[in-house]
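The block underneath contains the structure these notes are about, expressed in structure tokens.
The values are calculated or read from the model by the stated rules, or taken from the named source; none is laboratory data. These numbers were taken from a predicted model, which means no experiment stands behind them. A quick note on method: Cβ atoms are made from the backbone with ideal geometry, for glycine too, and the neighbour counts reach across all protein chains shown. Areas reflect the complete protein model, heavy atoms only, side chains present, ligands, DNA and RNA absent. Shrake-Rupley method; radii C 1.70, N 1.55, O 1.52, S 1.80 Å.
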Amino acid sequence: MALPGPTALFLEQETRALLTRLGRVKSFALQETMLPAASLLPESQTAIERVLAQGRSELRRRAADFLQWLKSPEGKGVTAEDAHRRFIFLRLQFNAVLNKFDLFNDVITQRSENETGVWLSGLDVASADALHLPGGYYQSPPVICYLDRGVGAAIRRARTRLPGGGVNPVAVIRVPRERMIGNGIASSLFHEVGHQAAALLDLVNSLRPALREQQGMAGPAQTAWQLWERWISEIVADFWSVARAGVASTLGLMSVVGLPRPFVFRVDTEDPHPAPWIRVKLSCAIGRALYPHPQWDRVEAQWNSYYPLAGLESKKAELLRKLDAHIPTFINLLANHRPQTLRGRSLKEVMLLDERQPSRLKILYQTWRRDPAQMYRAPPSLVFAVIGQARADSQLTPEEESTVLGKLLTHWALRSTLDVSAVCALRPVSQTVLQKTVSYKPMLMSLGSGG
């Protein structure tokens, strides 16, 4: 049965309507207003615009092919059901392009918020510093941050699949709004950065065989090794956070997972997150392994006082005690793990541990109090570690901390913006314009096609 004329006309009109709506999806560079210091770095902005422009161009091509097919002998000869099925797939692709746009729209729109936009730009800089690993073990992707409700952070890692297809060009970190601004922001932020670093180093895949090998010869400790394997992705991210922020990471974690007792003691073998009670214990053990100091015993004792095992059902209490007793053995394996991506070095060996030892952080804080300019020149992740240590030592009030971090985030955002401007100013004008034109060519083509 040939395709009825009214059906062909309807599908043609609907396809053209899709193209009209697609034309309304403008480049972010044409519609988002923000202070220069709040804007994304050029690498991030270009990567996002390019992937969206490619999606729009691909959809236009598919729509044009569909319209041409409708008028072809083949299209005229199919049933209404077959023609409509093809249109439905085209519309689903249209929605996928919009989903990509909305994903980044939530990130970029906040850059227009007074003060918050600049702070987010500062968090981008801090995240990039926390992700950087000297030694050339990987090439760090751009990182961008945005705020959302809730108490937990999350990440959409770079180089993972986007909704509807395509590869995410940047790491997008969702930060809890309730953490702005205190040292707890570093705990959440660097944990999510740890997920990206673990993916770049393929840590989880390299650790799983080692953990399974331990299960085979563990005897009574087999259950513990099984749970460590189940929870390893989150534990590795916590390891990265403690390595970068020190005790600020553990104290921030306590703030996030400090919940009513049933939630804190809940052991779910299907959840990639360790039970909150044991997760804080793991964080303290990581701290001991990387930065030996009596403070970890004090922090753990404080956590135990909040959530004593007394009164817990015997079976669950026994499991938690066994896990607790096994933590040092497990953390020793983790800290000394040598994945191929680190070229023979262990996790512990590649971390910048000397400058983040508690005694060193205390000295830096006192030095910076006398000469604050040094703090503004220091790496952002180190600054968070120093400030977190000062808070833990009661040398810094929450009010002072929030004020200082607000100034620092603004400084990092402004410095990164001016650094990029300085680089552009040093280039010959013709070279800068040419590079910009080449970088934005897909977007310019897209704009020339109506959006």
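Counting only the heavy atoms of the protein chains, how much of K407 is accessible to a 1.4 Å probe, in Å² to the nearest 10?
Solvent-accessible area, nearest 10 Å²: 120 Å².
Please pull out the direction-averaged projected area of the stretch 123-215, using the convex hull of its alpha-carbon atoms, in nm² to one decimal place.
In nm², the orientation-averaged hull projection of the stretch 123-215 is 7.8.
Taking a 1.4 Å probe, which of M254, M180 shows the most accessible area, and what order do the others take after it?
Largest accessible area first, the list is M180, M254.
If one takes the longest principal axis of the Cα atoms in the chain, at what angle in degrees, from 0 to 90 and to the nearest 10, does the Cα axis of helix 276-290 lie?
Roughly 70 degrees between the two axes.
Suppose the chain between Y307 and T329 were pulled fully straight at 0.36 nm per residue; how much longer would it get relative to their current alpha carbon spacing?
Extending this stretch completely gives an extra 5.6 nm.
Just to be sure I understand, if you calculate semi-axes √(5λ) of the Cα gyration tensor in Å for this structure, which of (1) 43, 24, 18; (2) 29, 28, 23; (3) 46, 30, 19 do you get?
Structure-derived value, by its label: (3).
Take every DSSP beta bridge whose two residues both sit in the chain, then give the antiparallel share in percent to the nearest 5.
Percent antiparallel among DSSP bridges in the chain is about 40.
If you wrap a convex hull around the alpha carbons of the stretch 108-264, what volume per residue comes out, as a whole number of Å³?
It is 151 Å³ per residue.
Between the DSSP loop rule and a limit of at most 13 other Cβ atoms within 10 Å, which GluC sites (Glu not before Pro) in the stretch 238-330 are left?
E270, E313
Counting only protein chains, not ligands or nucleic acids, how are I181, I363 ordered by accessible area (probe 1.4 Å), most first?
I363, I181
Can you tally the lysine pairs in the chain where the Cα-Cα distance is under 18 Å and the two residues are eight or more apart, or on different chains?
4
If I ignore ligands, DNA and RNA and count only protein heavy atoms, how much of T223 is accessible to a 1.4 Å probe, in Å² to the nearest 10?
70
Based on Cα positions only, what radius of gyration and what Dmax would you give for the stretch 90-172, in angstroms?
Values for the stretch 90-172 (Cα only, Rg and Dmax): 14.6, 47 Å.
Can you sort S402, S359, S346 by 1.4 Å-probe accessible area, starting with the largest?
My answer, sorted largest first, is S359, S402, S346.
Angle check, please: helix 5-23 long axis (alpha carbons) against the longest principal axis of the chain (alpha carbons), in degrees 0 to 90, nearest 10.
It is inclined by approximately 50 degrees.
Rolling a 1.4 angstrom probe over the protein chains, ignoring ligands and nucleic acids, what is the accessible area of R345 in square angstrom, nearest 10?
100
In degrees, nearest 10, range 0 to 90: what is the angle between the Cα axis of helix 295-306 and the longest Cα principal axis of the chain?
80
Counting only protein heavy atoms and using a 1.4 Å probe, what share of the accessible area of the chain belongs to carbon plus sulfur, as a whole percent?
After summing per-atom areas, the C and S share lands at 55 percent.
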